[in-house]
Amino acid sequence: MFHSIMESTSIPCTSYTNPYLKSLFLLSHTVLTLLLIMESQHCLSSSPKMLILPLKTQVIPSGSVPRSPNKLPFHHNVSLIVSLTVGTPPQNVSMVIDTGSELSWLHCNKTLSYPTTFDPTRSTSYQTIPCSSPTCTNRTQDFPIPASCDSNNLCHATLSYADASSSDGNLASDVIHIGSSDISGLVFGCMDSVFSSNSDEDSKSTGLMGMNRGSLSFVSQLGFPKFSYCISGTDFSGLLLLGESNLTWSVPLNYTPLIQISTPLPYFDRVAYTVQLEGIKVLDKLLPIPKSTFEPDHTGAGQTMVDSGTQFTFLLGPVYNALRSAFLNQTSSVLRVLEDPDFVFQGAMDLCYLVPLSQRVLPLLPTVTLVFRGAEMTVSGDRVLYRVPGELRGNDSVHCLSFGNSDLLGVEAYVIGHHHQQNVWMEFDLEKSRIGLAQVRCDLAGQRFGVAL
């Protein structure tokens, strides 16, 4: 997720990071399945080990089990949500998996809007972090706004998001339980105050699991050299691997390097998973867009971020307009455009079509390919258009191009969302500073790992 965040924290471990754009987007409440494979080289724990935890659609009522069993719920809602337990004794929490955020955090103040929270007073292993600690003072360099010190001399963090949502609270540490593995000393934000522009959706999770390259992200604190995920395009089941995947059975991954800069720039997130977008193809034909259009400018604006916390893909105005025009030309004979200038889906997607409710299958649509340095991501079939939930015009449903205009959101960046990562194996290689891509059947990938998704 993109946001402009003020965070704070620290722990002696491998370092990586990124800022956030709060996902503004709603999906129907589809339950996901997640496989979590964990090759633990925990900087917070002891000897390396491998855990295979198949996660399926099993709802775990709070307090019904002492810790997460092997099968856990994973939801595809505003974002991708996984469940685990925190504290001593363990409390059930659900967290949004967000490669666009660093600081993991939990709701710690139960209200009518947020009934699902973590209660630190019930955990004997919960520890606050003073603002004088190295965690608070030395691990905040990549945060747009530094941490502060509250009236009790505790390390305080405030997170503010692009959709006007915000949360603030104190940094703390506690034990995280994943399957049979207990990871002590994991730093997170214990948020007392939360204001959300979409509280109905946000209340369905207890917090957020930051997965970017920052030193305080979940994956960095645990010391994983890489992680991968794959989301099925049919039933939204999926799998997440923490550690080495060893995809000897799969097609080879194509790698695109992560872009890093040493000089801080006002609009460049140095700890995001930033790649170089070089072009866009429609029906395998490269659009006539200068490569310089895809490169960040002197302020850092225009970087391309891979973000699991954002649903759709967003392009800066000139590139979006070129794609919109090309797609419109290619579909003029097979789709009817929704002629309503007042309807802009999610505030950024203004190319929409009317499809008869009686038409069960969309016509053959042109593919859209994102061309990165060294790798490509092809969006085809139903993923090119997105049916707007609950939107009807007479006997027609409304389908919109699943790419949005960043300019309409006030975002100075290209964002690759998880909707276009379906049936793509996504490997985040922190050790070699690269992202690997491969088109795969994610349901079959689950079977390869011994899990029927």
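Would you mind telling me the share, in percent, of accessible area of the stretch 268-331 contributed by carbon and sulfur at probe 1.4 angstrom?
52
Measuring with a 1.4 Å probe in the full set of protein chains, what accessible area per residue, in whole Å², belongs to the stretch 342-453?
40
Expected output is a single nm value to one decimal: the length gained when fully extending between residue 433 and residue 192, i.e. 0.36 nm times separation in residues minus the C-alpha distance. What is it?
83.2 nm is the gain from fully extending residue 433 to residue 192.
To the nearest 10 square angstrom, what accessible area does residue 286 show with a 1.4 Å probe?
The value for residue 286 is about 100 Å².
Assigning unit charges at the beta carbon (Lys, Arg +1; Asp, Glu -1) and nothing else, what dipole magnitude in debye, to the nearest 20, does the stretch 307-453 show about its Cα centre?
Value, rounded to 20: 480 debye.
What is the Cα centroid distance between the stretch 331-370 and the stretch 395-432, reported in whole angstrom?
Each part reduced to its Cα centre gives a spacing of 17 Å.
Only sites in a loop by DSSP and with at most 12 other Cβ atoms within 10 Å count here; which GluC sites (Glu not before Pro) in the stretch 360-453 make the cut?
Qualifying residues, ordered by number: 431.
To the nearest 0.05, how large is the calculated FRET efficiency for residue 285 and residue 151 if R₀ is 51 Å and r is the Cβ-Cβ distance?
Once the sixth-power term is evaluated, E becomes 0.25.
Using a Förster radius of 30 Å, what is the FRET efficiency between residue 292 and residue 391 based on their Cβ-Cβ separation? Nearest 0.05, please.
So, using R0 = 30 Å, E works out to roughly 0.20.
Once the piece of chain linking residue 380 and residue 265 is laid out straight, how much longer is it, given 0.36 nm per residue of separation minus the C-alpha distance between them?
That pair, residue 380 and residue 265, stretches by 37.9 nm at full extension.
Using label points projected 7 Å from each Cα along Cα→Cβ, tell me how many nm separate residue 441 and residue 137, to one decimal.
For residue 441 paired with residue 137, the spin-label model returns 5.8 nm.
How large is the dipole of the stretch 217-310 about the Cα centre if only Lys and Arg carry +1 and Asp and Glu carry -1, each at its Cβ, rounded to the nearest 20 debye?
The calculation lands at about 120 debye.
For the stretch 377-444, what is the charge dipole size about the Cα centre, in debye to the nearest 20, if Lys and Arg each add +1 at the Cβ and Asp and Glu each add -1 at the Cβ?
Approximately 160 debye in magnitude.
The values are calculated or read from the model by the stated rules, or taken from the named source; none is laboratory data. Being a predicted model, the structure only gives us computed values, none of them experimental. All Cβ positions, glycine included, derive from the backbone under ideal geometry; neighbour counts span all protein chains shown. Accessible surface is based on the protein model in full, side chains and every heavy atom, while ligands, DNA and RNA are left aside. Shrake-Rupley method; radii C 1.70, N 1.55, O 1.52, S 1.80 Å.
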